[in-house]
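Below: one structure, written as C-alpha cells.
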Amino acid sequence: FMAKIPLLEIRGLRKSFNGVEVLHSVDLTLEKGKVTALVGENGAGKSTLMKILMGEYHADAGEVFLEGEKVVFSNPHQALSRGISMIFQEMSPFPELTVAENMYVGREPHKFIFIRKKEQRKMAEALLERLGIHLDLDRKVKDLTVSEMQLLEIAKAISYDSKIVIMDEPTSALTDSDVRILFATISNLKKHGVAMVYITHKLDELVQVADTVCVLRDGNIISSRPIHEVEQNVMISEMVGRKIENIYPRVEKQIGDVVFEVRGLERRGEFHDISFTIRKGEILGLAGMVGAGRTEVVSSIFGINPYTKGKVLLNGEEIHIRCPRDAMRYHFAFIPEDRARDGLNLVGSIRSNMCLTILKGVSRCRGIFPDSKGERDCTARMIEQMNIKSNSQEQPVNSLSGGNQQKIVVAKWLLTQPDIVFLDEPTRGIDVGAKFEIYQLIQELAKEGKAVLMISSEMPELLGMCDRIVVLKEGRLAGELLAQDATQENIMAAIVKE
Ligand code: ADP
Ligand code: MG
C-alpha cells in the first residue's frame, strides 16, 4: 500500500521581509486536475506565497515537493521548465510585438538563426483555437484591450504545457464575456489534469471554478475545505478574523422626502429619457450591463459631460450644474469607478489626497491651508474613522492596498460633507474586509439622511445594500424595483429584456 503522492506539496514555508515575518509555516497541497482557490484580505501573503513557488522570492524555511521530489527554484525560468507557470497581474512587457510573437517570446521556433515566423504563428493559432480564445494573431499587443491582454497572458502561461497554473486575480480586468471564456478554459485544463491556484477577491466566482478553498490570514492558513462545504459567511469571518453575520450591514434608518430628481435627461448618443428620484436617507441602486450608460448618466449630472436635454432638481427646484465645481457647491459627491485615473493622485500622500477637495475651496471646509493643523486633524480623524491601514499621513497612496485607496477616495469626499452621494462601483477590486467597511459607511451616510446613488455590477451587492433599484439598458430606463421585490433573476430579466 502506497499513500497517494500529491502533485505539489508545500510544507512549513516561512518568509520575512525586513525582519517582519509575512508567511508563518504555511502548508499547501495541490492535486492534479483540481482548482485550489486562495482567498484572503490584501496583505495576507497570497502573492508572496505564489512568488516563492515560482522561484521569484526565496523562502527562509520550508520545503516544496513536486510529485514527491524536493525542488528548489531560484528563478521563474526553473519553475517554468518543471511545468509551473503563473499569470501575472502586470501586463506584457513587449507592446510592439504581435500577439503571435508575444506568445513565444524568448523561445521562438528557430531554423539556424532565423525565427520560423510561420511555424510560430501556426502554433499560436492552434493554442488559441484549443482554448476557445479569439485574438487576432497579427495585432500588436499595445493595441489590445486590457481584457484581451489578460487572455493573451493566460494563453501564454498555458502554452508551456504546464502541470500547474497560478492565476493571481485573473478576472479583475476582464469583461463578463471574457470571464466566461476564462472559466471554460479552466474547466478544459482541469480535464487535462492541470492543477490550478486561483486567487480572487470575487467570492461569488468561487463556486464556478474552485474545488478547494484555502483561507490565508496574516500569513497563516486558517482553513482548507472542499468548496461545497464552505459557507460564505464563515469564509469571510475567517478572512477578516472576526465574526461577520451579514456582509451587507443594514442599519435602522428613516427614508424621507424626495430630495433629488432627474427628469427626461438625455445626452445624445449616450442616454435618453432618464427619470428617477432619490429620497433623503435612501440608497438607490443603478443596475445594468457594462456600457448601459450608468456612469455616463451620473457623470453628466455631476457636470463632467453636460446633458443636452432634461432637468435636474434639488429639493424640488431646478438646478444647473455646468462643471464638477458647481456640483460640489450643491453638496454633491462623486466617487468614481477608476480610482487610479479620477480619484487619486497616486504618488501624493494620504493627506494631500484627502484634502484635495477641500483645497478646491468647497465652501463648508474653506480656509484650510496645505499641511496645516486643520488638515492634519481632518486626516487623522478619517484614518481613524475609516480604519485605514497606514504608517503615516505622508505615506504615498500607491503604497496602500486597493481597499485602503478606495477608503481614501471616500474619505476625501466625506470631508466635503455632501448631501447627495454618487458611488460608481465602490467596491470593485477591493478585498472583503475593506468591502464590509465601505458598506457600513454607505449605510451610515444614508442613516445621516444623505441621498445615495450607487452603481454596481455585482447583483448581490445591489440587493444587499439598496432600498430601490433602477435598471438601465442601452442608455434607457428598463425597470425599477423595490428592494423587497428584487431578486437576482428579475433584475437580470430587466437587464436583458428586449
Ligand atoms: P496579498 O497578495 O495576499 O495581498 P502579499 O503577498 O502581496 O499579500 O503581501 C504580504 C505581506 O508582505 C504584506 O504585508 C506586504 O506588505 C509584504 N510584502 C510583499 N512583498 C513585499 C516586498 N517585496 N517587500 C517588502 N514587503 C513585501
Ligand atoms: Mg496579491
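Worth pointing out:
- When residues of segment 142-156 are limited to those that are modelled with pLDDT under 80 and β-branched (Val, Ile, Thr), the one nearest to Ala173 (Cα to Cα): Val146
- Residues of segment 14-57 satisfying the condition of being in a strand (DSSP E or B), crowded, with 22+ Cβ neighbours inside 10 Å and within 12 Å of ligand 1 (Cβ to nearest atom): Lys15, Leu23, Val26, Leu38, Val39
- The set of residues in segment 251-284 that are more than 11 Å from Gly310 (Cβ to Cβ) and touching a helix residue (DSSP H, G or I) at 6+ places or on another chain (Cβ under 7 Å) comprises Val251, Lys253, Glu270, Gly281, Glu282, Ile283.
- Every test in (1) in contact with a Pro (Cβ under 8 Å, 6 or more places away or on another chain); (2) at pLDDT below 95 is passed by Lys450 save one, and that test is (2).
- Of all residues making up segment 448-482, the number that are assigned to a helix (DSSP H, G or I) and surrounded by 19 or more Cβ atoms within 10 Å (Cβ to Cβ): 5
- Pick from segment 428-447, criterion of a type in the set (A, V, I, L, M, F, W, C), assigned to a helix (DSSP H, G or I) and within 21 Å of Asp204 (Cβ to Cβ), ranking: modelled with the highest pLDDT: Ile442
- Candidates in segment 218-250 are the residues that are touching a helix residue (DSSP H, G or I) at 6+ places or on another chain (Cβ under 9 Å) and on the phi > 0 side of the Ramachandran plot; of these, the one that is surrounded by the fewest Cβ atoms within 10 Å (Cβ to Cβ) is Gly241.
- Ser300 among the small types (Gly, Ala, Ser), closer than 30 Å to Val213 by Cβ and surrounded by 15 or more Cβ atoms within 10 Å (Cβ to Cβ): no
- Residue count for segment 162-201 under the criterion of being among the small types (Gly, Ala, Ser) and under 20 Å from Ala79 (Cα atoms): the result is 3.
- For Glu125: the one exception among (1) of a type outside the set (A, V, I, L, M); (2) within 16 Å of ligand 1 (Cβ to nearest atom); (3) modelled with pLDDT of 85 or more: (2)
- Pair list, Cβ < 6 Å and 6+ apart or interchain, from segment 156-185 residues that are more than 17 Å from Ala210 (Cα to Cα) and in contact (Cβ under 8 Å) with a residue 40 or more places away in the chain to residues that are of a type outside the set (Ser, Thr, Tyr) and within 16 Å of ligand 1 (Cβ to nearest atom): Ala157/Ile87
- Selection of segment 176-232 for residues being over 26 Å from Glu153 (Cα atoms), among the aliphatic types (A, V, I, L, M) and outside any strand (DSSP E or B) yields Ile227, Val230.
- Meets criteria (within 24 Å of the chain's Cα centre (by Cα), surrounded by 17 or more Cβ atoms within 10 Å (Cβ to Cβ), in contact (Cβ under 8 Å) with a residue 24 or more places away in the chain and assigned to a loop (DSSP other than H, G, I, E, B)) for Ile133: yes
The values are calculated or read from the model by the stated rules, or taken from the named source; none is laboratory data. Computed from a prediction, not measured in an experiment: that's the story for all the values here. Cβ sites come from the backbone with ideal geometry, for glycine too, and all protein chains shown count toward neighbours.
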